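The block underneath contains the structure these notes are about, expressed in structure tokens.
Nothing in this text is a laboratory measurement; each read-out follows from the coordinates by a stated rule. This one's a predicted model, so the numbers in the text were calculated from it and none came from an experiment. A quick note on method: Cβ atoms are made from the backbone with ideal geometry, for glycine too, and the neighbour counts reach across all protein chains shown.
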Amino acid sequence: MTRSVWKGPFVDGFLLKKAEKVRQSSRNEIIKTWNRRSTILPQFVGLTFGVYNGQKHIPVSVTEDMIGHKFGEFSPSRSFQGHSGDKKSVKR
């Protein structure tokens, strides 16, 4: 179920402050965040965020195509190792 249109996109306030601070300084530094639930806004285009996936911060460079998506979509938290019972690829 999606968020109501009349509420608008969810973004934590501290993330907006950090992004504005980096834009004002005009330095290209990574903004570390543990916030995976925030929506990517047009103000974030061109910035690089370090999104935490549970182990480390994954650098995510925001482009125009990412607007409206969540930060967590671009920082996978699980890695698929294969099925444990699948032995089709191993033949003797």
>> Per q in 0.15, 0.17 Å⁻¹, report the Debye log10 I(q)/I(0) for the chain, using one uniform scatterer on each alpha carbon and no solvent.
In response: -0.63, -0.75
> What chymotrypsin sites (Phe, Trp or Tyr not before Pro) in the stretch 1-47 are in a loop by DSSP, with at most 14 other Cβ atoms within 10 Å of the Cβ?
Replying inline: Trp6, Phe10, Trp34
> Within the chain, how many Lys pairs sit with Cα atoms under 23 Å apart, leaving out pairs fewer than 8 places apart on the same chain?
Replying inline: 14
>> Could you identify which residue out of Ser75, Ser25, Ser61 has the top mean-square fluctuation in a GNM of the chain using Cα springs shorter than 10 Å?
In response: Ser25
> Against the longest principal axis of the chain, how steep is helix 13-25, in degrees 0 to 90 to the nearest 10, with axes from Cα atoms?
Replying inline: 70 degrees
> Which whole number of Å³ per residue matches the convex hull of the alpha-carbon atoms in the stretch 28-74?
Replying inline: 62 Å³
> Taking Cα pairs under 8 Å and at least six residues apart, what relative contact order does the stretch 28-74 come out at, in percent?
Replying inline: 43 percent
> Roughly how big is the chain's charge dipole about its Cα centre, with Cβ charges of +1 (Lys, Arg) and -1 (Asp, Glu), in debye to the nearest 20?
Replying inline: 480 debye
